[in-house]
Structures are given as structure tokens and as C-alpha cells.
Amino acid sequence: MQALRALALREGDELLVADNTDDRVLAAEHREGFATLAKRQPYSARNEAAARATADWLLFTDADCRPQPDLLDAYFEPPPGERVGALAGEIVAAGEGRTLAQRYGADRRLLSSELFLAHPYKPMGVTANLLVRRAAFEAVGGFAEGIRSGGDADLCWRLQEAGWAIEHRPRAIVAHEHRATVRALLRQAARTAAGTRWLEARHPGFHATAGSAARAARAVAGMVGWPLRGRPERGAFKAIELLVIATEHAGRLAGNRRGRADALETKRPLR
């Protein structure tokens, strides 16, 4: 909340915090917060916030992100064209990285918009730092609901299928707190893999490039080679990479849908 309140706002800008946690602390203690209808449903929470907003552009960020104060102004330099439906700001690692898992995330640039915009299927951004034109957002029906992962890519790809463009704004920066433990990192990898499989079914032209055999071979080689060169942390990164590869395979076997009760709770049209 301190980082959000440090944002340089202009007349007409508004701040909405969708609180989808169990204890609803933000909704109870901060005037910018409101309780969402669906607990633990991030895409539904974003749709609810978008429905409450009144401006022409919707900027999405997450609770583990720290936006820079000039974020909004940086997004509009230069002004987006009429057919630009979304702008992807840049996402960097927060701080130096206190844990091995956080340093691994920073080293791999896990949420780099530059890398996501170079996606081999179609450019995409992630809602850690994504500005979407309201007209485009409403035209495609907002985020898909009732899923665990993949909604960011799905929104961006549907926007492009509807004729909207996506542009990069590298100066619009948000710092992201990467997962602090390897266990949390692997849970994230499993959820992302489930979302990837869901995206393959939803977008027939998209087929994930596994490359797991080559990645695994490089990871094994690095686990051995980097410590011998006097760089043990690089070897540890390769060990984590091997675990991530294995977890991705397992994650693809899991479903991407949330529980039945959650799905029923979020079947609401976007206002």
C-alpha cells in the first residue's frame, strides 16, 4: 500500500485494490480496498476491479510488486496509437535477492516483459505490470475466470486476435518479489505448466516448445561444470532448473481449473 500510494496520480486517476484474501485486511483497513466476491480467484478479482473502475485505461499489478512512482507517466511516453489494446511495462527483480530461489528468479528474468513480448506464438504481457485499454478489455470480455494460470497470455492473445496491438514500455517499471523458497518456486512452475496445457487447448495454433531433454542435459552439465570452475551458485541454479523441468512435466498432468465451488462463484458477466 505504501508503494501504491507513492504513485504519481493525475486528476481522474483512481486506485482500486481487490482483496481476495481470506482475512480481507486491505478491504477493512484501507479506503482503496474492497472485498471481492471470489476468494483466491486472481482473474475474477481483476475483472471485479475493472468493472468498478471508470477510466479509459486499466493498469494491473499484484501484491508482490512495487511500482515506481512515475509508472503511469512512463506508460504514456510515447502516447499509444488508437489500435494499441495493451502496453507491457518492464518487470525487474526487487532488491539483491535474499535467498537462492530469489537470485535464481532474477538470473532467469522470470517475469521479463522483454522476453514475453518475444514469445514465439504471439507477444504477451503479464499482469504484474500490464496496462490495458478499457474498450479493448471489454470487447474481448476481460480475463477468463475459474482458472489457476494462463489468463494473462490468454487475454493478450485474444486482444490480438480481435485486431488490437501490444507495445512495450521498458521505462514503466515494477519491481517483483520473486518466490523466496525453492518449494514455492516449484509450486509456481507446476501451476504455470498446467496453464500452458490449458492454453494449448484454448489456442489451437499454440504449441509449447518443451525442449526438456536439451534443457535437462544442459542443467546436468552445469550442475557439475560450474562448481568445478569455482562458481557453485551457478551450479545450484542448474540444480533448481532441473527440478523446474521435472515439475513442469508433472504440472502439465494437473488440471488448470479451480474447484467447482469457485467456478460457480465467478460466473458473472463483466459490467
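Please list, ordered by residue number, the helices (runs of 4 or more DSSP H) wholly in region 176-271 having 2 or more residues that are at pLDDT 95 or above.
Helices (runs of 4 or more DSSP H) meeting the threshold: 182-202, 212-228, 232-252.
For the list (1) of a type in the set (A, V, I, L, M, F, W, C); (2) surrounded by 13 or more Cβ atoms within 10 Å (Cβ to Cβ); (3) more than 25 Å from Tyr121 (Cβ to Cβ), I need the number of the one condition that Ala193 fails.
Among (1) of a type in the set (A, V, I, L, M, F, W, C); (2) surrounded by 13 or more Cβ atoms within 10 Å (Cβ to Cβ); (3) more than 25 Å from Tyr121 (Cβ to Cβ), the lone unmet condition for Ala193 is (3).
Taking Leu9, is it more than 19 Å from the chain's Cα centre (by Cα), surrounded by 18 or more Cβ atoms within 10 Å (Cβ to Cβ) and either over 20 Å from Leu155 (Cα atoms) or at pLDDT 90 or above (or both)?
no
Considering only residues that are in contact (Cβ under 8 Å) with a residue 60 or more places away in the chain, farther than 22 Å from Arg258 by Cβ and within 16 Å of the chain's Cα centre (by Cα), which ones fall in region 123-154?
Of everything in region 123-154, those that are in contact (Cβ under 8 Å) with a residue 60 or more places away in the chain, farther than 22 Å from Arg258 by Cβ and within 16 Å of the chain's Cα centre (by Cα) turn out to be Asn129, Leu131, Val132.
Go through region 21-49 residue by residue and tally those that are closer than 15 Å to Leu130 by Cβ and in contact with a helix residue (DSSP H, G or I) (Cβ under 6 Å, 6 or more places away or on another chain).
Adding up the residues that qualify gives 1.
Among the residues of region 50-57, are any free of Cβ contacts under 8 Å to residues at least 24 places away in the same chain, out of contact with any strand residue (DSSP E or B) (no Cβ under 9 Å at 6 or more places or on another chain) and not aliphatic (A, V, I, L, M)?
So far as region 50-57 goes, no, none of its residues is free of Cβ contacts under 8 Å to residues at least 24 places away in the same chain, out of contact with any strand residue (DSSP E or B) (no Cβ under 9 Å at 6 or more places or on another chain) and not aliphatic (A, V, I, L, M).
Any residue in region 184-205 that's in contact (Cβ under 8 Å) with a residue 60 or more places away in the chain and more than 16 Å from Leu155 (Cβ to Cβ): show its pairings with residues that are among the aromatic types (Phe, Trp, Tyr) and in a helix (DSSP H, G or I) at Cβ separation under 9 Å, as long as the two are six or more apart or on different chains.
Listed by first residue and then by second, the contacts come to Leu185/Tyr104.
Quick check on my filter: what residues within region 43-57 are crowded, with 21+ Cβ neighbours inside 10 Å and within 17 Å of the chain's Cα centre (by Cα)?
Tyr43, Ser44, Ala45, Arg46, Asn47
Would you mind stating whether Glu167 is acidic (Asp, Glu) and either buried (at least 18 other Cβ atoms within 10 Å of the Cβ) or over 30 Å from Arg98 (Cβ atoms) (or both)?
yes
The values are calculated or read from the model by the stated rules, or taken from the named source; none is laboratory data. Since we're looking at a predicted model, the values are computed, not measured. Neighbour counts are summed over all protein chains in view; Cβ atoms, including those assigned to glycine, are modelled from backbone coordinates with ideal geometry.
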